[in-house]
1. For K130, K148, what's the fewest-to-most ordering of other Cβ within 10 Å of each Cβ?
2. What length, rounded to one decimal in nm, is gained on full extension from R235 through to E222, with 0.36 nm per residue of separation minus their alpha-carbon distance?
3. Karplus couplings for the stretch 91-96 from phi (6.51 cos²θ - 1.76 cosθ + 1.60, θ = phi - 60°), rounded to Hz, Gly and Pro as x?
4. For L71, L210, what's the fewest-to-most ordering of other Cβ within 10 Å of each Cβ?
5. Going by amide H atoms built from the backbone, whose H comes under 5 Å of the H on N182, apart from near neighbours?
6. Among the chymotrypsin sites (Phe, Trp or Tyr not before Pro) in the stretch 52-97, which ones are in a DSSP loop with at most 14 other Cβ atoms within 10 Å of the Cβ? Mind listing them?
7. Note down the relative contact order for the stretch 88-221 as a percent, whole number, built from C-alpha pairs under 8 angstrom at least six residues apart.
8. From the phi of every residue in the stretch 35-40, what ³J(HN,Hα) in whole Hz does the Karplus formula 6.51 cos²θ - 1.76 cosθ + 1.60 yield, where θ is phi - 60° and glycine or proline is x?
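A short reminder: the numbers here are calculations on the coordinates, not readings from a lab. The structure presented is a predicted model; accordingly, all values stated were derived computationally and were not measured. Ideal geometry is used to build each Cβ from the backbone, glycine not excepted, and the neighbour counts take in all protein chains shown.
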Amino acid sequence: MNNTIPELVWPVDREVDEEELDHHEGPMRLDYDAMVMLANLPPLAEEILSRNAALPIKTRSSGEYTLVLDLDETLVHCSLNYLDNSNMVFPVDFQGMTYQVYVRIRPFLRTFLTRMSKVFEIIVFTASKKCYANKLCDILDPQKTIIKHRLFREHCVCVYGNYVKDLSILGRDMTKTIILDNAIQSFAYQLNNGVPIESWFHDRNDTELLKLCSFFETIPAEGRDVREILHHRYRLRDHIPFYSIIHQQEGPGQLPLFLPIPRMDAPPVQEDVNQTNEQLITQVAQKPAQVAQG
């Protein structure tokens, strides 16, 4: 097994003017598969609701607020196939074989991680295989001073063959927890805690991470429920058809609960066990209803 951690040569970020950072994209776009999956989201099983938190209790040095980060197509783009303009290559050992993984780093990632780690407790939560994602996190944060915790595919909930990140497994205060992910289905059970970001593969002019820095930095200072702030900014539920709304007040600041209309012909929940080793590694970042493009 190769335990060597390759050194990452970070890309040089370009200068960006204020006008470019002030530009916001139009309404988010959801494909049909995403809408169907969200519209048929089943309630969490009792065994999921009653499971213990996967993380230790937060320490005072970790920051009062928590920022959960997806990896693939949010912070990086990786592939087993050769990638032009890759920032590095690292080996992954899986089931007795070694694979070379090519990595592209999203522009402004180092700036983003550095600034966010001063304000938030940073947690990486990915639908990737641990053998791949753990090593990538070691490369991105070799001193382990930025990423406080890591969660992987085994911590996800499998819903209709898709990996969903139920944030209750964190054991963190949901009024102070944000997840950044390029697949809205990934945080389907906590839409109000989510910030969607455009999938990234190769655009060197991308500034999405930099745009988020100032916004994220203001949230802890406001001292409000992050779900109220994010719903006001992104209004994710308003973009999802088929949802029925049930208003329930369970306490101060409690937001309305949104329950999906059940689909009676939903397929059973199961993982495909007939994948080859290469497919398993290539799909390290499998998104709900979407396999990451290599």
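1. Details: K130 16, K148 22.
Fewest-to-most Cβ neighbours within 10 Å comes out as K130, K148.
2. Between R235 and E222, full extension yields an extra 2.8 nm.
3. x, 10, 8, 8, 6, x
4. Listed from fewest to most nearby Cβ atoms, that is L210, L71.
5. I197
6. Sparse-neighbourhood loop chymotrypsin sites (Phe, Trp or Tyr not before Pro): Y82.
7. The normalised contact order for the stretch 88-221 reaches 24 percent.
8. 5, 5, 4, 5, 6, 10
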